[in-house]
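See structure below.
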Amino acid sequence: MNLSSGLSKLHPSGIRAVMALAAARKKLGMPVIHMEVGQPDFKTPHHIIDEAFKASRSQYIGYTPNAGMDTLRESVAERTSRRNKINVNMENVCITSGGVMAIYLVMMAILESGDEVLVPDPGWPNYLSSIALSGGKAKPYVLDPDNNYWPDIEELQSKITPKTKAIILNFPGNPTGAVLSSERMSELIDFAERNNLYLISDEIYEDFVFEGKHVSALNSVSSDKVILISGVSKSYSMTGWRIGWIIANEKIIAASAQFVEPLASCPSSISQYAAMAAINGPQDCVKDMLNAYRRRAELAMSVLGEAGLVMNRPQGAFYMMVDISKTGQNSDDFVRNLLDDVGVAVAPGQTFGLSSTNSIRISTAISDDDVIKGSTLIRDYITSKSL
Ligand code: PLP
């Protein structure tokens with residue numbers, strides 16, 4: 001059968017592969033501790049679910065404009081303005097079916113064939129597919145645990161070619177749990193301006209910073225070339241509702257919204273009503289989740305960190321990178337062996353880039369008990385397999 005050559009441009013995530021193996025194990029009745037997926041374990045808060053029911057009974061649930069409902073665009077604009085002390089209008093906001101789609105739309109809107117995009121390594125693998133499908137070329141830059149997993153400006157500068165069009169930043173970071181300082185963010189904004197690049201800042205974990213405050217690329221900056229990606233998936237435990245957004249210059253937003261049409265027409269309208277309740281409603285739920293993620297990070301640190309196995313103390317999100325170099329195994333093999341031998345599912349480092357073949361990512365978006373049990377099993381396994 002003749003299928004599209006575009007399939008070969010996709011970067012299937014190693015996380016999904018582990019999920020499938022873990023599911024197969026569960027089917028056989030064997031226990032699994034799930035530390036592989038970046039999915040909050042909390043139920044979506046009640047007031048958000050209630051609003052979805054209310055809206056579906058009282059409103060006409062039809063198509064919305066490509067860029068989303070005006071009321072939601074206004075709410076997101078107001079929230080972004082308030083958080084960053086800048087002036088964001090509805091025309092600067094495109095609502096999307098999750099942050100995933102937001103990233104894809106931005107790539108479709110800005111890239112020409114052969115354009116290069118600087119991407120973090122380790123970094124979230126989905127960026128690679130979006131770039132490739134939009135005709136672009138990903139150019140990894142290294143995030144070094146010994147340098148807080150922050151980008152190195154000199155290294156970035158050495159990667160610039162006439163084709164470099166954009167840089168992607170992701171703080172708080174997946175898979176690193178790293179949070180950027182405001183000084184380094186300013187340097188990165190200068191770097192992007194100096195080289196005439198779009199700076200795409202994926203801030204989907206913006207509400208989960210353990211100490212201090214989240215530093216946004218839009219904080220006090222209103223550059224035409226800064227593009228912010230965020231959404232409700234993580235902040236309000238709404239991954240399945242599929243609502244994210246792009247904040248950018250009006251022209252980028254208009255172009256992105258045009259690409260929504262052949263993909264989805266518009267994001268789900270029920271979910272848009274729910275997202276409005278999330279953004280405009282009580283925010284204690286976000287604080288409660290932040291406190292839980294901070295506590296769980298500490299629990300994992302008390303087991304794996306104490307044993308010297310954590311690459312860098314996480315400052316946010318709900319991930320950490322664990323060093324497996326003592327075992328001499330590459331991360332793909334290690335992940336399979338760990339699951340087979342002790343029933344803990346984790347993500348292989350190499351799915352996040354070539355810099356991380358000797359590490360694994362654990363997600364602490366699971367119960368406190370499972371964080372302790374899983375971390376202990378991982379620590380003991382690494383110790384038992386150490387060369
Ligand atoms: N960006 C990063 C770094 C992520 O880890 C994720 C999800 O895991 C997303 C964006 C997209 O999330 P969603 O599409 O659920 O909004």
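Rule-based calculations on the coordinates, nothing more; no lab input. Small disclaimer: the values here were computed from a predicted structure and weren't measured. Heads up, the Cβs are rebuilt from the backbone with ideal geometry, glycines too, and the neighbour counts pull from every protein chain shown.
Which aspartates and glutamates have a Cα less than 20 Å from the Cα of LYS251, not counting those fewer than 8 places away in the same chain?
The reachable aspartates and glutamates, counting only those whose Cα sits under 20 Å from LYS251, are ASP70, GLU74, GLU78, GLU91, GLU112, ASP115, GLU193, ASP202, ASP224, GLU261.
Ranking THR239, THR80 by Cβ neighbours within 10 Å, fewest first, what do you get? Mind showing how you got there, number by number?
Numbers: THR239 17, THR80 21.
Neighbour counts put them in this order, fewest first: THR239, THR80.
If you take every DSSP beta bridge fully contained in the chain, what fraction is antiparallel? Give it as a percent rounded to 5. Before the final figure, lay out the partial values.
On the way: 17 of 37 bridges.
About 45 percent, rounded to the nearest 5.
Run the quick spin-label model on SER386 and GLU298: label points 7 Å from Cα toward the beta carbon, then report their separation in nm to one decimal.
2.7
In what sequence do GLU298, GLU306 fall when counting other Cβ within 10 Å, fewest first?
Values: GLU298 16, GLU306 11.
In order of increasing Cβ crowding within 10 Å: GLU306, GLU298.
What lysines sit close enough to LYS139 to cross-link, taking a C-alpha to C-alpha distance under 17 Å and skipping anything fewer than 8 places away on the same chain?
Reachable lysines: LYS9, LYS159, LYS163, LYS165.
By counting other Cβ atoms within 10 Å of each Cβ, how are HIS34, HIS11 ranked from fewest to most? Each step should come with its number before you reach the end.
Details: HIS34 20, HIS11 16.
With the sparsest Cβ surroundings first, the list reads HIS11, HIS34.
Obtain the nm distance between the two label points defined at ASP70 and LYS9 by a simple spin-label model: each point lies 7 Å from its Cα along the Cα-to-C-beta direction.
3.6
Calculate, in nm to one decimal, what SER81 and ASN291 gain on full extension: separation in residues at 0.36 nm each, minus their alpha carbon distance. Can you show the working numbers first?
Values: separation 210, 0.36 × 210 = 75.60 nm, distance 2.51 nm.
Gain in length upon complete extension: 73.1 nm.
Can you list residues from other chains, or at least 5 along the same chain, whose modelled amide H is less than 5 Å from the amide H of LEU169?
For LEU169, whose amide H was placed from the backbone, the distant partners under 5 Å are ILE200, SER201, ASP202.
Return the lysines within reach of LYS26: Cα separation strictly under 19 angstrom, same-chain partners fewer than 8 residues apart disregarded; answer none if there are no such residues.
Within reach: LYS373.
Hey, what angle do you get for helix 284-300 against the long axis of the chain, alpha-carbon based, 0 to 90 degrees rounded to 10?
Helix 284-300 and the main axis of the chain meet at about 20 degrees.
What FRET efficiency, computed as 1/(1 + (r/R0)^6) with R0 = 22 Å and r the Cβ-Cβ distance, is obtained for ILE270 and PHE42, rounded to the nearest 0.05? Please report the intermediate quantities before stating the final value.
Details: r = 20 Å, r/R0 = 0.91.
So, using R0 = 22 Å, E works out to roughly 0.65.
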